[in-house]
1. Select, from 401, 422, the only residue that is more than 30 Å from residue 266 (Cα to Cα) and modelled with pLDDT of 85 or more.
2. On the given criteria, is residue 121 modelled with pLDDT of 80 or more and loosely packed, with under 10 Cβ neighbours inside 10 Å?
3. What single numbered condition from (1) part of a helix (DSSP H, G or I); (2) surrounded by 12 or more Cβ atoms within 10 Å (Cβ to Cβ); (3) modelled with pLDDT of 75 or more fails to hold for residue 89?
4. Filter region 11-34 for residues that are surrounded by 10 or more Cβ atoms within 10 Å (Cβ to Cβ) and either in contact with a strand residue (DSSP E or B) (Cβ under 7 Å, 6 or more places away or on another chain) or farther than 22 Å from residue 51 by Cα (or both); which is modelled with the lowest pLDDT?
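The values are calculated or read from the model by the stated rules, or taken from the named source; none is laboratory data. Please read these numbers as outputs of a predicted model, since none were measured by experiment. Cβ sites come from the backbone with ideal geometry, for glycine too, and all protein chains shown count toward neighbours.
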């Protein structure tokens, strides 16, 4: 019986598979009868007409021997192996040769220079043999620089030939469209590519220095005394360098509590000052932040009666302008009639002061720090609604509902602490008035109802106070401190919006709940409740005894 054996599985029972298409499974005949005698012979085939294993091995040996004889007679067969074809636009994609060169530009009608050296970079794209030339940028040169020739195949001569990478080498001149570019050196990739293709590069040449640039770096000595202020040198060294100060500005409030944030920019190139407002999102202010345009601000005038509102001031009318020494952190500086409190600066400004003015102190005084900390970023509470609801109007244009402690609301739902209180009033007619104070544990709100007298003394009278969070007396409006169960001891006075209530009794549920959180409740509060409830245990307040509010 033949089996199909998977090479990935062990040759064990259960891991072999039968040939499903086989239908003959009989054993071959090995006995024959000849002349009345039974003779045994060797089987020529296996079970189901399968070839014998010995026969398979024999055929394999014969084939191997025949192959060896062919190799010995005719030699090994030769097979040509072809390399995989890769197109040029794939093999040479993003491979660029880079050469550095310069060209001379003639300068006419100039007594200082006859020609000028301009440096360029020549890019050769191996993908399609195109080239581009880009001129290196020189700051404050006044020359249009950048891309001189766009990428295309540059003509080599009038015959229609184009420049190839074999035509480029160091120290050679490449003439393109009437300009002669002299190649001085190249990068490492270009050098490796050229040498790997059998081209020997010449030695790199030094880059020539422009005479005009050299003369202005080292100016010729003059016989006149040098000026203390070099406008050209200052422009070349200070252009683009700006000091940034952060300040508060308010015309009405000397303590800068509701001050407007501004940024004062001091340009070192010409000592001009610019003031910009810092607008918060949804502030509703003017969308143009520039408060004062860039100009030099006079500090002291030669004549105090100068009509500045009618005429523009010139240099002859100004005795002194504001300088860097006038901008010190923690001090109030008056610019154009407005006072600004400098409270901070950026890292570049700090570094510049440390290098050029090491004696100046960049730390804010303690009084200025306190003023900045007391500055109000949010308008004060106006008394309408809760403090959290009013805060949402300041945070976004469309107010959102403030977040609540959902877990606390679910755990303490319908849990109410009830106290009996009397009104502490100077009027004699209020001495007999009793009130029931409800404290809702789910949202820390307090509700007060007056207790009626007469036939139905156990019923609750009219509402004295709706559910609301009651702040403690003396707490600020912006950071209020509200009453909690820890403040409700027997005999304590609770002030509710200028009305004083003295607690005289409480439910048994109050004592039970406070004992469950005894670590958060003062000892004298628990002792007062135990003493009171231990004496008068039969008198109960109207309503339910489990602490739930009666609907």
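1. The unique qualifying residue is 422.
2. Values: modelled with pLDDT of 80 or more: yes; loosely packed, with under 10 Cβ neighbours inside 10 Å: no.
Spelling it out, it is not the case that residue 121 is modelled with pLDDT of 80 or more and loosely packed, with under 10 Cβ neighbours inside 10 Å.
3. Exception for residue 89: condition (2).
4. Result: 17.
Matching residues to (1) modelled with pLDDT of 85 or more; (2) under 19 Å from residue 526 (Cβ atoms); (3) not in a loop (DSSP other than H, G, I, E, B):
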| site | (1), (2), (3) |
| --- | --- |
| 438 | yes, no, yes |
| 449 | yes, no, yes |
| 454 | no, no, no |
| 457 | no, no, no |
| 473 | yes, no, no |
| 480 | no, no, no |
